[in-house]
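Reviewing the structure listed below.
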Ligand code: PMP
């Protein structure tokens with residue numbers, strides 16, 4: 001596997017970064033997860049734009065333009081000779097002193113991996129996922145800006161641990177006020193009386209690129225969208241539920257905390273969103289070769 005690292009495509013074994021890198025020492029950095037389908041990178045510009053927004057928010061000066069980062073990403077995928085997969089693009093603060101002062105890190109490091117990812121077993125895309133609510137909350141915006149896709153994912157990792165220990169594959173994370181924010185790596189949607197509802201970004205959800213795709217599909221299908229604060233109760237009594245994310249794609253949810261959602265099977269509208277998503281993913285995007 002070829003990895004893009006600080007300007008060069010190198011073999012996986014040669015892709016090394018300093019143990020003094022603040023991405024490793026402090027989670028000081030930003031990242032993106034991007035999928036490519038059928039020889040094209042899906043929503044590449046949107047992902048790179050979000051990466052630059054995240055970097056700006058943490059005062060990490062990017063020494064490349066967005067166009068350059070798009071180009072490096074395409075080069076990395078092309079160098080690996082795969083048509084379908086998942087890209088992990090990471091920008092760290094770079095190597096510095098042991099203290100956390102980021103101003104003592106002279107230059108950021110960037111690496112790009114083009115590989116594959118499988119978040120949930122295939123059967124759940126057909127039969128749906130069972131969710132639990134975890135005790136770990138999304139941090140308040142004043143503690144850790146939820147819009148920043150930073151390397152600080154310990155909160156999500158702990159939520160994932162709770163899900164697995166609770167016998168589930170995914171957990172619903174609430175914000176400090178007790179409203180639904182999102183899952184550990186996915187945005188959440190419910191359908192009630194033919195309307196599509198999803199938590200507000202300001203409730204602690206990442207401004208997901210797949211979330212935006214779903215909102216576009218809803219407009220195309222003429223489904224009314226309501227972005228508002230949601231509680232667990234709203235999910236319990238919903239007709240349908242699904243999650244979205246680059247790695248997860250679109251996956252139906254059939255229960256939350258043992259309350260069966262709808263008739264316990266992936267809903268009709270959910271299946272429509274899933275199909276529309278796949279047809280967009282397979283037919284649009286930035287060619288990389
Ligand atoms: N929430 C979190 C916490 C995530 O890590 C992700 C994955 N990037 C998402 C939501 C979904 O976002 P996207 O559709 O942009 O991948």
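The values are calculated or read from the model by the stated rules, or taken from the named source; none is laboratory data. Computed from a predicted structure; not experimentally measured. For neighbour counting, all protein chains shown are included, and Cβ atoms are generated from backbone atoms with ideal geometry for every residue, glycine included.
Could we say that residue 185 is within 26 Å of residue 271 (Cβ to Cβ), part of a loop (DSSP other than H, G, I, E, B), away from the ligand (no atom under 11 Å from the Cβ) and at pLDDT 95 or above here? The answer is no for residue 185. Within region 53-81, the set of residues being within 21 Å of residue 247 (Cβ to Cβ) and either in contact with a helix residue (DSSP H, G or I) (Cβ under 6 Å, 6 or more places away or on another chain) or free of Cβ contacts under 8 Å to residues at least 24 places away in the same chain (or both) comprises 69, 70. The condition (being over 15 Å from residue 128 (Cα atoms) and in a loop (DSSP other than H, G, I, E, B)) is satisfied by just one residue among 219, 247, 281: 247. I'm checking my understanding of the structure. Among residues of region 228-247 that are under 30 Å from residue 44 (Cβ atoms) and out of contact with any helix residue (DSSP H, G or I) (no Cβ under 8 Å at 6 or more places or on another chain), which one is farthest from the ligand (Cβ to nearest atom)? Of everything passing the filter in region 228-247, 243 is farthest from the ligand (Cβ to nearest atom). One residue alone among 161, 148 is within 12 Å of the ligand (Cβ to nearest atom) and closer than 28 Å to residue 90 by Cα, and that residue is 148. Candidates are the residues of region 250-264 that are crowded, with 17+ Cβ neighbours inside 10 Å and not in a strand (DSSP E or B); the one that is farthest from the ligand (Cβ to nearest atom) is 262. Within 12 Å of the ligand (Cβ to nearest atom) and without any contact (Cβ under 8 Å) to a residue 60 or more places away in the chain: is that true of residue 171 in this structure? So residue 171 fits the description; yes. Scanning region 32-68 for residues that are away from the ligand (no atom under 16 Å from the Cβ) and under 22 Å from residue 8 (Cβ atoms) returns 60, 61, 62, 63, 64, 65, 66, 67, 68. Here 181, 168 are screened, and the one residue that is buried (at least 23 other Cβ atoms within 10 Å of the Cβ) and touching a strand residue (DSSP E or B) at 6+ places or on another chain (Cβ under 7 Å) is 181. Looking only at region 124-154, residues that are in contact with a strand residue (DSSP E or B) (Cβ under 8 Å, 6 or more places away or on another chain) and part of a helix (DSSP H, G or I) come to 3 in all. Just one of (1) over 26 Å from residue 259 (Cα atoms); (2) touching a residue at least 60 places away in the same chain (Cβ under 8 Å) fails for residue 144. It is (2). Do we find a residue being in contact with a strand residue (DSSP E or B) (Cβ under 6 Å, 6 or more places away or on another chain) and either on the phi > 0 side of the Ramachandran plot or at pLDDT below 95 (or both) anywhere in region 201-213? Yes: region 201-213 contains one or more residues that are in contact with a strand residue (DSSP E or B) (Cβ under 6 Å, 6 or more places away or on another chain) and either on the phi > 0 side of the Ramachandran plot or at pLDDT below 95 (or both). Which residues, taken from region 205-216, are more than 6 Å from the ligand (Cβ to nearest atom) and in a helix (DSSP H, G or I)? Across region 205-216, the qualifying residues are 212, 213, 214, 215, 216. Tally time: how many residues in region 226-237 are outside any helix (DSSP H, G or I) and under 8 Å from residue 197 (Cβ atoms)? Total satisfying the criteria: 4. Contact map, region 211-237: residues that are under 20 Å from residue 256 (Cα atoms) and in the same structural domain as residue 200 (by TED's automatic domain parsing) paired with residues that are assigned to a helix (DSSP H, G or I) and modelled with pLDDT of 95 or more, Cβ distance under 7 Å, separation 6+ or inter-chain. Pairs shown: 229/203.
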